[in-house]
Amino acid sequence: MKVITNVSDMHQEVRNLKAQTVGFVPTMGYLHDGHRVLIKHAKEENNIVVVSVFVNPLQFNQSSDLENYPRDFERDRQILERDGVDYVFYPEGNKMYPNPLTINMSIVKRTDVLCGQSRPGHFEGVVMVLSKLFNIVKPNQVYFGIKDAQQVAVVDALIQDLNFDIQLKPVPTKREKDGLAMSSRNVNLEDHERQEASEIYQSLKSVQIFIESSSTWTRQEVIDYVRNYLVKRISGEIDYVDCLSFPELTADISKDDDVIIAVAVYYKRARLIDNIILDCNGKIKYGSESDV
């Protein structure tokens, strides 16, 4: 496995790989089994796998959140080498952003809901760093976990709008045994918070049964169902509960639309998100991912 820290060196490696397919997994490090599932899919479907490890400052709204984001590159490097990754792109911040930005990227759809409401500027930072990473790595396929479904919807728009010659590959959520979606931020949960956090996914499973059993459900009924479920069972502060079309992320849901039901909860040192995406018949589109 080769670790690359310089943009020009990454460019040269990519030029040498032109005849092979490149699968790309962008990460911010502190890897867990959810990341490893993405790598597993990338390895199965490509000749070469590139993983980036870069904590992107542009997508953090608060400096404290950026400072508290867990980092351990040596641990990450060992995981990636064990999983057979070919290249790790691990640039320093001044290599990704050597000068003050001249161009700001704005997003006009898909970000005024869910996480976009409480994290202004977050997705602008995401599309900026991904545009840079896509141009540096030049992958054939890029892999994202469906746990960050709004990010998947935004990346879908980025690829389509800017004509990146890249195939987006959403991957089902990897979960703990009790259903909690795996996240680098889970390490920041206190013991009692970790115990009750599994109720987030249970609320989504419960509302899916409700939707399947009702042919006349409404968006507001779904939102109220999940919120009421959580209020009775968790101490965390609910940031949002919503039900939207997917990937358009609008409240205007037709009978033929896929639907996302999404939740975000604040705990003392962690903000947890989760979702399920259902087809027009109420069936789950992306199940939980099996063990790596």
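The values are calculated or read from the model by the stated rules, or taken from the named source; none is laboratory data. Values in this document were obtained by computation on a predicted structure and should not be read as measured data. Note that each Cβ is placed from the backbone with ideal geometry, even for glycine, and that neighbours are counted across all protein chains shown.
Data for the structure
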read-out: Flag for residue 248 being under 21 Å from the mean Cα position of the chain (by Cα) and charged (D, E, K, R); value: yes
read-out: Residue within the range 66-81 that is surrounded by fewer than 20 Cβ atoms within 10 Å (Cβ to Cβ), of a type in the set (Ser, Thr, Tyr), closer than 29 Å to residue 149 by Cβ and touching a residue at least 40 places away in the same chain (Cβ under 8 Å) present; value: yes
read-out: Pair list, Cβ < 9 Å and 6+ apart or interchain, from the range 113-129 residues that are within 14 Å of residue 265 (Cα to Cα) and modelled with pLDDT under 90 to residues that are among the polar types (S, T, N, Q) and surrounded by fewer than 20 Cβ atoms within 10 Å (Cβ to Cβ); value: 118/61; 119/61
read-out: Any hit, the range 104-112, residues being touching a Leu at 6+ places or on another chain (Cβ under 9 Å), in contact (Cβ under 8 Å) with a residue 24 or more places away in the chain, crowded, with 20+ Cβ neighbours inside 10 Å and not assigned by TED's automatic domain parsing to the domain that holds residue 274; value: yes
read-out: Evaluation of residue 117 against (1) surrounded by fewer than 19 Cβ atoms within 10 Å (Cβ to Cβ); (2) in a loop (DSSP other than H, G, I, E, B); (3) assigned by TED's automatic domain parsing to the domain that holds residue 48 (one fails), failing number; value: (2)
read-out: Residue match in the range 146-164 (condition: within 19 Å of the chain's Cα centre (by Cα), closer than 24 Å to residue 65 by Cα and among the small types (Gly, Ala, Ser)); value: yes
read-out: Contacts under 6 angstrom Cβ, first residue in the range 1-21 being more than 12 Å from residue 52 (Cα to Cα), partner among the β-branched types (Val, Ile, Thr), 6 or more apart; value: 1/85; 17/48; 20/48
read-out: Test: residue in the range 145-155 that is at pLDDT 95 or above, surrounded by fewer than 19 Cβ atoms within 10 Å (Cβ to Cβ) and not small (Gly, Ala, Ser); value: no
read-out: Residues satisfying the stated conditions in the range 137-195, i.e. part of a helix (DSSP H, G or I) and hydrophobic (A, V, I, L, M, F, W, C); value: 137, 146, 149, 152, 153, 154, 155, 157, 158, 159, 187
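This table checks each residue for (1) over 15 Å from residue 132 (Cβ atoms); (2) hydrophobic (A, V, I, L, M, F, W, C); (3) within 20 Å of the chain's Cα centre (by Cα).
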site	(1), (2), (3)
4	no, yes, no
29	yes, no, yes
35	yes, no, yes
53	no, yes, yes
56	no, no, yes
103	no, yes, no
